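Report on one structure; see the data block that follows.
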Amino acid sequence: MTGIRTLVPHRVSLLLGAGLLAMIAGCTAVPGSHISRPASNPWFGGDREESDTSLPDIVRVHRILPNRGVQPAPEAQPVLPPELDIHQASYDYVVGAGDVLNITVWDHPELTIPAGSMRSPSEAGNWVHNDGTIFYPYVGSIEVAGLRVTEIRSLITERISRYIENPQVDVSVAAFRSQRVYVSGSVHQPGAYPVTNVPMRLLDAVNAAGGLDETADWRSVILTRDGKEYTLSLRAVYERGDARYNVLLKAGDVVHVGRGDDNKIFVLGEVATPSSLMMGRNGMTLAEALAESGGLNELQADASGVFVMRRTVEGEDRYIDLYQLNAKDATALVLADEFTLSPRDIIYVTAAPISRWNRVITQILPTVQTIYFGALAQDRLRDIDR
């Protein structure tokens, strides 16, 4: 019986060893461990086990090379519609209901409402009523809504000249309350901001709202005017000083600064910390994305298999562009720093063959240990019975 006792663990070991070899022989790929590479493509290194399948026709493979690497297309700039190209020289404030006018007739203080030491000009001025009119001595009720300050001054001068010889009239707006521009989205202080006699441009409105916050997408600013939406780019204004996109705003305009939540990069595979990364306002390179993910996993990563996957639409055709970087040479990191990523790119670092072997062993080791120690315990129980 002693021979039988020694035979049981040995027999189990042989069976487990045979089973282990069979399982490893049958494991041509471990899910999630690598990307299949076409055998006909000399750019892809590695073993033949990785070339068991071909890539679909919609996948276009590119190699990242110095001065010849396929780079993302330049950012398309939105086309500025002609109706937004308003010259500042033609701008003039138009009075509306709710504004407060300050009217002065020189040498006739009795016609000027005294402000007093405790009253501001906006409190002592002539308020434009909801029907668009004001009341002024000798002149009576005047409709001023929709008129410019110069037109109001001419109108008062004409009517008051019936009672005063050669009147000197001055009209100004003491409080701008009738017109607003609305700023929303990724700014620090969204809200309504008054339109004044000083022309307000896109940057003025954003700065009045406290500027862009850290989540803002400055490449996508939506201007809504008269029921129509226009896409503008603050990046063109900030980086290149392109004044065309710093459009002149009008009363009732709504400026919405979009969030950059969709401008993410996904880093997967054999890196220290697989994660999704937010692209900065100045973009992100492949080297920056790998660095922010902790770099390649030196024990498991295949440095020749660093891939960038990008969706591309060309007319009615859709493709997946697959860019490969061979990072076995440290100088290739310079190429990675020159490769500019696009939003929603997926970076995948494949696993080395030895890493896949270790994963198979790790997956079956608990089962092997359970069978082995179970047989060993059974064998020792038999010893006790004997």
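The values are calculated or read from the model by the stated rules, or taken from the named source; none is laboratory data. Note that this is a predicted model, so its numbers are computed, not measured. Note: ideal-geometry Cβ built from the backbone for every residue, glycine included; neighbour counts use all protein chains shown. The area values use the complete protein model at the heavy-atom level, side chains included, leaving out ligands, DNA and RNA. Shrake-Rupley method; radii C 1.70, N 1.55, O 1.52, S 1.80 Å.
Give me the net charge of ALA97's neighbourhood, meaning all other residues with Cβ under 10 Å from the Cβ of ALA97; Lys, Arg count +1, Asp, Glu -1.
Charge balance near ALA97 sits at -1.
What is the local net charge at VAL181, summed over the other residues whose Cβ is closer than 13 Å to its Cβ (Lys, Arg +1; Asp, Glu -1)?
Details: positive: ARG180, ARG201, ARG225, LYS250; negative: ASP204, ASP253.
Residues close to VAL181 contribute a combined charge of +2.
How much solvent-accessible surface does LEU299 expose, in Å² to the nearest 10, with a 1.4 Å probe and all protein chains in place?
150
Taking Cα centroids, how far is region 203-277 from region 283-346 in Å?
Cα centroid of region 203-277 versus Cα centroid of region 283-346: 25 Å apart.
Based on the alpha-carbon gyration tensor of region 242-337 and its eigenvalue square roots a ≥ b ≥ c, which shape applies: rounded if a/c is under 1.5, prolate if not and a/b is larger than b/c, or oblate? Each step should come with its number before you reach the end.
Values: a/c = 2.63, a/b = 2.10, b/c = 1.25.
Taking the square roots of the gyration eigenvalues as a ≥ b ≥ c, region 242-337 is prolate.
Pull up all non-local amide H partners of LEU147: gap of 5 or more, or a different chain, and H-to-H distance under 5 Å with H placed in the peptide plane.
Distant-sequence amide H within range of LEU147: VAL95.
If I model a spin label at TYR238 and ASP107 as a point 7 Å from the Cα along the Cα→Cβ vector, what separation in nanometres do I get?
It is 5.6 nm.
Once you put a point 7 Å from the Cα of ASP226 and another 7 Å from the Cα of LEU65, both along the Cβ direction, what distance in nm separates them?
5.4
Assuming 0.36 nm per residue, please report the length gained on full extension of the stretch LEU333 to ARG318 beyond their Cα-Cα distance.
Value of the extension gain: 2.4 nm.
Going by amide H atoms built from the backbone, whose H comes under 5 Å of the H on GLY305, apart from near neighbours?
Placed amide hydrogens put ALA327, THR350 under 5 Å from GLY305.
Kindly write out, for region 155-170 in residue order, the coupling ³J(HN,Hα) from the Karplus curve 6.51 cos²θ - 1.76 cosθ + 1.60 (θ = phi - 60°), rounded to whole Hz, with x marking Gly and Pro.
5, 5, 4, 5, 6, 7, 5, 6, 10, 10, 7, 6, x, 9, 10, 10
Collect residues whose amide H, placed 1.01 Å from N in the peptide plane, falls under 5 Å from the amide H of VAL61; neighbours closer than 5 in sequence don't count.
Amide H to amide H, under 5 Å and 5 or more residues apart or across chains, VAL61 pairs with LEU322.
So what are the ³J(HN,Hα) numbers for region 195-208, from phi and the Karplus equation (6.51, -1.76, 1.60; θ = phi - 60°), rounded to whole Hz, Gly and Pro as x?
For region 195-208, the Karplus-derived couplings read 8, 10, 6, 8, x, 10, 9, 4, 5, 4, 5, 5, 5, 4 Hz, x marking Gly and Pro.
Give me the dipole magnitude in Debye, nearest 20, for region 166-293 about the Cα centre, with unit charges on the beta carbon: positive for Lys and Arg, negative for Asp and Glu.
520
Please turn the phi angles of region 82-87 into ³J(HN,Hα) values with the Karplus equation 6.51 cos²θ - 1.76 cosθ + 1.60 (θ = phi - 60°), one per residue in order, whole Hz, x for glycine and proline.
Whole-Hz 3J(HN,Hα) from phi for region 82-87: x, 5, 8, 7, 9, 7.
Out of the total accessible area of region 300-357 (probe 1.4 Å, heavy atoms of protein only), what percent is carbon and sulfur?
Working: 1480 of 2750 Å².
After summing per-atom areas, the C and S share lands at 54 percent.
So, counting K/R as plus one and D/E as minus one, what does the shell of residues with Cβ under 12 Å around SER141 add up to? Numbers along the way, then the final one.
On the way: positive: ARG159; negative: ASP131, GLU143.
Every neighbour counted, the sum reads -1.
Under 20 Å from a point 7 Å along the Cα-to-Cβ line of ASP131: which residues of region 95-112 have their amide N that close?
95-101
Per residue, how many Å² of accessible area does region 89-204 show with a 1.4 Å probe?
Numbers: 6450 Å² over 116 residues.
The answer is 56 Å² per residue.
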